[in-house]
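Inspection log for the structure reproduced underneath, given as structure tokens.
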Amino acid sequence: MCGIAGIYFKQDVPADTLEKISDFFSTSLRHRGPDHYGCHIGERFVFANLRLAIVDRAGGNQPIYSPDGQSGIAYNGEVYNWETLRTTLETQGYPFKTHTDTESILAAYLSDGDTVFERLNGMFAACLWRNGGNDFVLVRDRFGSKPLYFYDDDNFFAYASEIKTLLGLPNIDTTLNPFAFQDYLTYRYTLAPHTFFQRIEKLPAGHMLSFDGKQIQKRAYAKLKLEEPVSPRSAESYLEELDSRLNHAVQSQLMGEAPIGLLLSGGLDSSTIAYYLNRNNVKLKAYSIGFPEINEFSFSREVAQHFDLDYQEVCLSQHELFNQMDDNILRLDEPIADPACFALSRLCADIRKDVTVVLSGEGGDELFAGYNQYLNVLNPEYDSNTCFAYYFYQSSNYDDASAYLKNKALPAQHLRYRECYDSADTRLNGMQSFDLHTWLPENLMMKADKILMSHSLEGRYPFLDLDLFNFAAQLPQAMKLPATDSRKYILNELMRTKLPNSVVTRQKMGFAVPPVFFLRSLQSRFLETLDILRDQPVADILDLEAIKALVNDYYNGKPIQPFKVWNIYVLIDWFARAYPQFKQQFSNLSGEDMQELNTNTNNEAGEKSTSEQTFNFNEVDENEHLVPRPFGTLQTLNIDHLHRYAFAKSFCHNALVLDAAMGCGYASLILNCKHYTGIDIDPNMVAFAKQHYRPLIPNATYLQGSVLSLPLENSSVDTFISFETIEHIKPTELGDYLAEAKRVLKPGGTFLCSTPIYRGDSYGLLAKYHPYEFQYNHFLTVMINNGFLLYETWYQWPPYYTIQSIVPRFEQTQQLAPFIVVGVFKRPE
């Protein structure tokens, strides 16, 4: 399991450009493949792989090449029938060098061409090339288990496992795609090939793309077609075959050398996997998650005891889930409004401590008709269109997307997969087919991949075994949804004597996280986020006033579905907070990181480089605050200032430093910099510094004046310190202040700032003086919108004023002194 990325330039580029992009790929996708980074670099291209080593862990690093070195593969996934492919090719004399599914796919592709993809049983997204790399194909598995995005313009073609990697590339066209917004407002996710950006597409499941250096061609190589059998068999025959195929599916997905676990909800699908593990004498650790208010622990616990599994429960509080919301929206990579994935992320954090691979039951409902909305086929009064309409809306989809779009007359494209339903031989097959082309790849598989891989964890799905699907695709409706209203009839019948009776007879529940867990605390942030977006391109697509009215109606108690409100919140929050961070990734890397790399390489005379001057939190000299200073704030609140300036040392070594609110200037004594310039609007502070500190430190200048008009030359400062300053700037003056900061900072220079943040109404002690105390996230967005790049964020709070990288819990911040956020920003190169 891995992450892949690549770029092909359509004209010659300098070699160091390719090297920098290669380094960016290795950083952007590190979580997907922490075990090894490999890349194939040519004159115009980079094909990269980040590996999570599972099969042939010692010898399977990628890329893997053909014997002549002219062809190769960078691959993400697991193919379970690879040994069958290998055996055939070995008899033909192919000289295998590894024992991996990766090399078997390459060898089969070189032997049989594109037709091999139809035979691959597994999950995969891959790049395979010939002619040294000057033409290649991209391919995504038929169920869409592994995502793959691509971008194309006149300058280059690029692809990646995650959209954030493409958004981080320099100079890409990010013109928005209104049809993706239409998709999202309907389904809570986007449907391939759409993304929110016109030039970035998702390769649809079961498709391949060919690129010859100039043009791309796309085609489907596999379709998910369900149809009634011509000659139905006996029920006993179907049950026997399902038993055999399920057993083989679970067996095949146990391949590899890494430890494996099981997600055990206590539902029919995951419990079925537990049964077949037990039948094969495989004992895995099983995991379940829930809330005190909502959980399935009694069922999962019973199954674990029944099969003697090592079992672990994670009981998650609403408060903990809310605190992780921002991180998990980032992990999702693109907006997906399924709050259950946030709980999944919390569970994965525990699972990854024990295992690298986890089995899960996704796909069972789609294959065997397990969803409640499928029951519409049993109503004889519904014609085909009415049946689809009820199924569609009972699937928690919405029909009013245009109400929240600026263009109310945007042509409808959100039902472009309706053909899957209309062309099916039965309504049930049509519904299942629609879900297999929409819900399964773009919600279930997408969120599972992004969340699990963010924790360097591989998910496997036995119900999406190709042979098992081919069997299910030919099942008669009577074996899936008979008139007796028994959903997943064949699976229930098979497992009736194999599982505890409570599991087989229970009503379908599914793991749900009510969006009210989040929404009850988001009213003010929701409205602030809308304000953030008013000057952004997304405001040209979304009707922000209509959204604001919806939000106000919801919080005023009108009967509006919480899922609809949550759906919109995730969308606008992603554009306000996640998207700006993704856009800045490459700039950070190619600027500061590359500069530090060169400094480390070319460092002379044993002098420590900037990157080696790290902040040691255990070696703050608290005696430094005893230097003389005038009476006032800087005398009484000295320890927290001292820790902030101790932190600033790591950005000041051998640097030209501007301290934009120096107070009495005592920081000039403790910062190890090339030259210190301090400025303060209070002439008494400046006079004190000149009298007491100038004799002690010659490389310092103390100036009286305003930070809104700095008496400094352009690009003359390496590090700009703005502690205890931002919160005193009027919101109307903040733009001018940041413009001054950018003007005096060198390209790649560092901007350090601190500001209190909201800790509850009872603790807003400085709100009268600090306009930004209650809206740090707004301030962060203002920084990004003014062209600064967020580098890292640190947190500081009493009683010891220590600075930490970990966001504290809310109750930890409930002290009498302000809770401070320290932001580290960069001016772009």
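Here are the numbers for the structure shown:
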{"item": "Leading residue by the ranking (farthest from the chain's Cα centre (by Cα)) among those in region 326-361 that are in a helix (DSSP H, G or I), surrounded by fewer than 19 Cβ atoms within 10 Å (Cβ to Cβ) and touching a residue at least 60 places away in the same chain (Cβ under 8 Å)", "result": "350"}
{"item": "Counted residues, region 647-661 - those being closer than 22 Å to residue 708 by Cβ and modelled with pLDDT under 85", "result": "1"}
{"item": "Qualifying residues in region 705-746 (those that are assigned to a strand (DSSP E or B) and of a type in the set (Ser, Thr, Tyr)) - the one modelled with the highest pLDDT", "result": "719"}
{"item": "Residue 688 vs. criteria more than 20 Å from residue 821 (Cβ to Cβ), part of a helix (DSSP H, G or I), assigned by TED's automatic domain parsing to the domain that holds residue 793 and aromatic (Phe, Trp, Tyr)", "result": "yes"}
{"item": "Within region 454-464, considering residues that are in a helix (DSSP H, G or I) and modelled with pLDDT of 95 or more, the one surrounded by the fewest Cβ atoms within 10 Å (Cβ to Cβ)", "result": "463"}
{"item": "Residue within region 536-546 that is assigned by TED's automatic domain parsing to the domain that holds residue 306 and assigned to a helix (DSSP H, G or I) present", "result": "no"}
{"item": "Where a residue in region 486-500 is assigned by TED's automatic domain parsing to the domain that holds residue 305 and its partner, wherever it lies, is of a type in the set (Lys, Arg) and not in a loop (DSSP other than H, G, I, E, B), with Cβ under 9 Å and at least six apart", "result": "498/279"}
{"item": "Residue 398 being over 24 Å from the mean Cα position of the chain (by Cα), closer than 24 Å to residue 273 by Cα, at pLDDT below 95 and not aliphatic (A, V, I, L, M)", "result": "no"}
{"item": "Counted residues, region 90-112 - those being assigned to a loop (DSSP other than H, G, I, E, B) and hydroxyl-bearing (Ser, Thr, Tyr)", "result": "3"}
{"item": "Check on residue 32, modelled with pLDDT under 95, surrounded by fewer than 24 Cβ atoms within 10 Å (Cβ to Cβ) and not assigned by TED's automatic domain parsing to the domain that holds residue 333", "result": "no"}
{"item": "Filtered residues of region 235-262 (kept if aliphatic (A, V, I, L, M) and either in the same structural domain as residue 56 (by TED's automatic domain parsing) or not in a loop (DSSP other than H, G, I, E, B) (or both))", "result": "235, 239, 242, 246, 249, 250, 260, 262"}
{"item": "Residue count, region 70-97 (criterion: in contact (Cβ under 8 Å) with a residue 40 or more places away in the chain and either surrounded by fewer than 17 Cβ atoms within 10 Å (Cβ to Cβ) or among the basic types (Lys, Arg) (or both))", "result": "1"}
{"item": "Residue 443 in a helix (DSSP H, G or I) and over 30 Å from the mean Cα position of the chain (by Cα)", "result": "no"}
{"item": "Candidate set: region 465-506, residues that are of a type in the set (D, E, K, R) and not in a helix (DSSP H, G or I); chosen: the one surrounded by the most Cβ atoms within 10 Å (Cβ to Cβ)", "result": "465"}
{"item": "First in region 49-65 and under 20 Å from residue 108 (Cβ atoms), second anywhere and modelled with pLDDT under 90 and not in a loop (DSSP other than H, G, I, E, B), Cβ under 9 Å, 6 or more apart", "result": "49/2; 62/2"}
{"item": "Verdict on residue 307 being touching a Lys or Arg at 6+ places or on another chain (Cβ under 9 Å), over 30 Å from residue 155 (Cβ atoms) and not assigned by TED's automatic domain parsing to the domain that holds residue 191", "result": "yes"}
{"item": "Selected residue (criterion: farthest from residue 231 (Cα to Cα)) from residues of region 492-519 that are out of contact with any Ser or Thr (no Cβ under 7 Å at 6 or more places or on another chain) and modelled with pLDDT of 90 or more", "result": "519"}
{"item": "Options 534, 520: the member that is surrounded by fewer than 16 Cβ atoms within 10 Å (Cβ to Cβ), touching a helix residue (DSSP H, G or I) at 6+ places or on another chain (Cβ under 8 Å) and free of Cβ contacts under 8 Å to residues at least 24 places away in the same chain", "result": "534"}
{"item": "Residue list for region 662-685, filter: more than 17 Å from residue 708 (Cβ to Cβ) and assigned to a loop (DSSP other than H, G, I, E, B)", "result": "663, 664, 665, 666, 671, 672, 673, 674"}
{"item": "Some residue of region 148-164 being under 20 Å from the mean Cα position of the chain (by Cα), touching a residue at least 24 places away in the same chain (Cβ under 8 Å) and assigned to a helix (DSSP H, G or I)", "result": "yes"}
{"item": "Set 46, 55: member being of a type in the set (Val, Ile, Thr), outside any strand (DSSP E or B) and in contact with a Ser or Thr (Cβ under 7 Å, 6 or more places away or on another chain)", "result": "55"}
{"item": "Out of 219, 188, 199, sole residue that is surrounded by fewer than 20 Cβ atoms within 10 Å (Cβ to Cβ), among the basic types (Lys, Arg) and within 21 Å of residue 333 (Cβ to Cβ)", "result": "199"}
{"item": "Pairs, first in the same structural domain as residue 189 (by TED's automatic domain parsing) in region 417-445, second among the aliphatic types (A, V, I, L, M) and crowded, with 24+ Cβ neighbours inside 10 Å, C-beta under 7 Å, six or more apart", "result": "none"}
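This table checks each residue for (1) in contact with a strand residue (DSSP E or B) (Cβ under 8 Å, 6 or more places away or on another chain); (2) among the polar types (S, T, N, Q); (3) in a helix (DSSP H, G or I); (4) in contact (Cβ under 8 Å) with a residue 24 or more places away in the chain.
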site	(1), (2), (3), (4)
191	no, no, no, yes
195	yes, yes, no, yes
226	no, no, no, yes
233	no, no, no, no
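Here is a yes/no grid of residues against (1) under 25 Å from residue 8 (Cα atoms); (2) at pLDDT below 95; (3) part of a strand (DSSP E or B):
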| residue | (1), (2), (3) |
| --- | --- |
| 88 | no, yes, no |
| 114 | yes, yes, no |
| 118 | no, no, no |
| 124 | yes, no, yes |
| 132 | yes, yes, no |
| 136 | yes, no, yes |
| 139 | yes, no, yes |
| 146 | yes, no, no |
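The values are calculated or read from the model by the stated rules, or taken from the named source; none is laboratory data. Keep in mind the model is a prediction, meaning the values are calculated, not measured. Neighbour counts are summed over all protein chains in view; Cβ atoms, including those assigned to glycine, are modelled from backbone coordinates with ideal geometry.
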